[in-house]
Structure formats: C-alpha cells, structure tokens
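To start, the structure under review is shown below, and the notes come after it.
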Amino acid sequence: MSDVEGEACKPIDQSVLASLRELQEGGEPDIVAEVGGLFIKHSPEKISAIEQSVEKGDAKGLQMAAHSLKSSSAYVGALHLSSLSKDLELMGRAQALQDARIKADMLKSEYKRVLVALEAEIRLGKRT
C-alpha cells in the first residue's frame, strides 16, 4: 500500500490539520481543539438530519443536511466523510434516494471513526 492509499484510509487527513495549525497564534487556544470541538458539538444534529431525511424520503432535507456536513467535515480534515456527504447531497439533489440508506449507514460508520480520531487530536493538542 502506498502512502497515499494509507492516508486515504485514515479518518482525518493530517495535512488539513497541519494547515490549520499554521494559523495558530501564540498564546491563543489550540486551533485544532477549537475547530474540532465545534465540529463535535454541531455535527450530531447534521447526522440526525441526514438520517431523518433518509427515513422520510425528504430529498431536499437530505441535500441540505449533507451539504452542511460535507463542508464542515472537510474543514477538519475528514475527507472521506466529506465525500460520503457529497454523495448524499447529490442523491438528494437528483431526488434519487433508492440507495440513500446504504450510503447513510456508511456515513454514520465513518462519522464514528472521525469522532474518535478528532477527539484524539484534541487531546494531543492539549498536551503540547
């Protein structure tokens, strides 16, 4: 497996976090902890909205919730989660929900991986 493939399997892309850390100013709270904490705080409602939209067959609701999660997950380096969100967003836009449950289950599984990885990054940042 190449380094690129290995990095693609990880829930958080470290290069995105490195870019965030470059914005860190001395004496300020850890930027990864701040941004990651906001993601952890607000993402459950987005996941819930996606699940509810899939259950109800609400294509527009799915499109909107998935779009929001797509953007915020990319910002914290959760690129696979962002990609799954994009897939769901496009399904909603096309009103093609026949495989949305399968994709939403994949998204929820990836989301759990992202939370674990992001919480570890936040703990790491607090030690430095």
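Every number in this text was worked out from the coordinates using simple rules, so none of it is lab data. If you're wondering where the values come from, they're calculated on a predicted model, not measured in any experiment. No Cβ is skipped: glycine too gets one built from the backbone with ideal geometry, and neighbour counts run over all protein chains shown.
For the stretch 57-128, just say rounded, prolate or oblate: build the C-alpha gyration tensor, square-root its eigenvalues into a ≥ b ≥ c, call rounded for a/c under 1.5, and beyond that prolate if a/b exceeds b/c, oblate if not. Note, shape of the stretch 57-128 comes out prolate.
Ordering Val35, Val116 by the number of other Cβ atoms within 10 Å of each residue's own Cβ, fewest first, gives Val116, Val35. Counted as membrane-span-like here are DSSP H helices of the chain whose alpha-carbon atoms extend 15 Å or more along the helix's own axis and whose Kyte-Doolittle mean is -1.0 or above; these are 31-56, 59-75, 79-94, 100-127.
Compared with the alpha-carbon gap, the fully stretched path from Arg93 to Ser19 is longer by 23.5 nm at 0.36 nm per residue. In the list [x] -0.27, -0.47, -1.11, -1.18; [y] -0.25, -0.45, -1.27, -1.37; [z] -0.41, -0.62, -1.15, -1.20, the label attached to log10 I(q)/I(0) by the Debye sum over Cα atoms at q = 0.09, 0.12, 0.21, 0.22 Å⁻¹ as derived from the coordinates here is [x].
Estimated from helices alone, the mean residue ellipticity of the chain at 222 nm is -27000 deg cm²/dmol (sum of -39500 (n - 2.57) over DSSP H runs with n ≥ 4, per residue).
Only the Cβ atoms of Lys and Arg (+1) and of Asp and Glu (-1) were treated as charged; on that basis the dipole of the stretch 3-127 about its Cα centre amounts to roughly 360 debye.
Candidates Gly77, Gln95, Gly26 compared by Cα position along the dipole of the chain: farthest toward the positive end lies Gln95, with charges placed on Cβ.
Quick check on packing: order 75-82, 61-68, 40-47, 93-100 by the mean number of other C-beta atoms within 10 Å, highest mean leading.
Details: 75-82: 23.2, 61-68: 21.5, 40-47: 15.0, 93-100: 13.2.
Descending mean neighbour count gives 75-82, 61-68, 40-47, 93-100.
Model label sites at Ile31 and Ser83, defined 7 Å from Cα along the beta-carbon direction, differ in position by 2.6 nm.
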